[in-house]
1. Count charges around Ala219 for me, please; just the other residues with Cβ under 14 Å from its Cβ, Lys/Arg as +1, Asp/Glu as -1.
2. Could you please rank Lys378, Lys334, placing first whichever residue has the fewest other Cβ atoms within 10 Å of its Cβ?
3. Express as a percent, rounded to the nearest 5, the fraction of DSSP beta bridges in the chain (both residues included) that run antiparallel.
4. Relative to the present Cα-Cα distance, how much length would full extension add between Lys254 and Thr292 at 0.36 nm per residue of separation?
5. Per residue of the stretch 262-276, in order, report the coupling 6.51 cos²θ - 1.76 cosθ + 1.60 (Karplus, θ = phi - 60°) as ³J(HN,Hα) in whole Hz, putting x for Gly and Pro.
6. Mind checking which aspartates and glutamates have their Cα closer than 15 Å to the Cα of Lys304? Skip sequence neighbours fewer than 8 apart in that chain.
7. Under 17 Å from the 7 Å Cα→Cβ point of Ala125, by amide nitrogen: which residues of the stretch 93-107?
8. Using just the helices of the chain, give the 222 nm mean residue ellipticity in deg cm²/dmol: DSSP H runs with n ≥ 4 each add -39,500 (n - 2.57), and the total is spread over all residues, rounded to 500.
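Coordinate-derived values only; no laboratory data. A quick note: this is a predicted structure, and the numbers were derived from the prediction, not measured. Neighbour counts run over all protein chains shown; Cβ positions are idealised from the backbone, glycine included.
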Amino acid sequence: MKAGVRTYVKVALALGAALGICIAAVAAEPGIAKDKIVIGAFLPLQSGLAAGASQLRDGADAYFKHVNDTGGIHGRKIEWVVENDSYDPQQTMAVAKKLVDRDGVFAIVSTLGTATNLAVLPYLAQRGVPLINPAGGHERLNAPTDKNVFGMLPVAKKTGIDMAEYAVGTLDAKRVAIFYQNDPWGKDPRDGQIDALAKRGLKPVAEASYMPSDIDVSAQVVALQKAQPDVVLMNVIAKHGAMFLKEAQRLGWKPKFIASNVMGDPVVLDLAGSAMEGVIVNLITAVETMDTPAIKKANEILAKYHPETKPGYFTYLGMAGAMAFVEGAKRAGKDLTRPKLIAALESLGRFETGVVPPVNWSTANHGGPTTHGYAVWKEGKLAPLKGW
């Protein structure tokens, strides 16, 4: 063989080898290695939602560690990368891009925040990244049309409707006031409450709102107290809900309070103390004292891996997303890809975690549950009033 031909062949072989490496690199599924699956989450760990975000993180993390210690998923361990977004949509976008573009996560699992989740939906859809359990109330999160999104909470507007109907239908309220967070998370249930009251020929006797950055809500308490409502509907996060209830207690004001589901987490007792006594909570996760095998198992897992964390709304919500991801990844098989994960999740049908109401996922439905329960705080414990 002539030298020129030999050189040509060597160059061709080298180019072919390089091309093969490039093709393999392109074909490799993001976040999937021989021994691990890298997934991510963004949580408001430095914000007014920090306490709940930490609880949610611990719940999901405990379940992932439990799975890793019992064999993983087809021999792969789960590596869950969690980033703080400070409940700031702009920061969430930066964090999401880091997780996807730099860390190369396979999926995003168990996030927290309506506005923050909404901010990154187009980006995650464009990149084809599965988003499982984006904890927030908007219908784009819990009745999603994006094929990559799987919700595990009821739509917030429907939750608001249910709360108003419980106030009027069960508690026989004639005068209803509304206290809400002035962003999509609080406005969506508020809109549902307005609609539900209107269907019964009622209007709120008063409304008051707050911003997540507010450090005092005493003026809102006084404004609602003047309207003399029978029931106050509270679409609030734990921090501001606790401030509101403590101020009401200080003033000796005692209407019936029906609060959003986040007020069912034990963290509110640390924030509000005895002001939680008698507060009714809309229930969309399990209660620690429920005597079921699923709750007992969840509590055991949490106690093993995060003994400092109390079981409750946020821990169960974090676990629910982790459970859904694990079940979907197992069903998708050893040759795991994003399309296979999505198809596997769609094949679940009625999926029961035992810690949140069942979902019914399919190719036509990626939405969350449609049922609600209620519980009341009594002597530091949640006592169920109405099941899912």
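1. Here the count lands on -2.
2. Fewest-to-most ranking of Lys378, Lys334: Lys334, Lys378.
3. 30 percent
4. 10.3 nm
5. 5, 7, x, 8, x, 4, 5, 5, 5, 8, 10, x, 5, 5, 7
6. Asp58, Asp61, Asp69
7. Label zone hits: 93.
8. -14000 deg cm²/dmol
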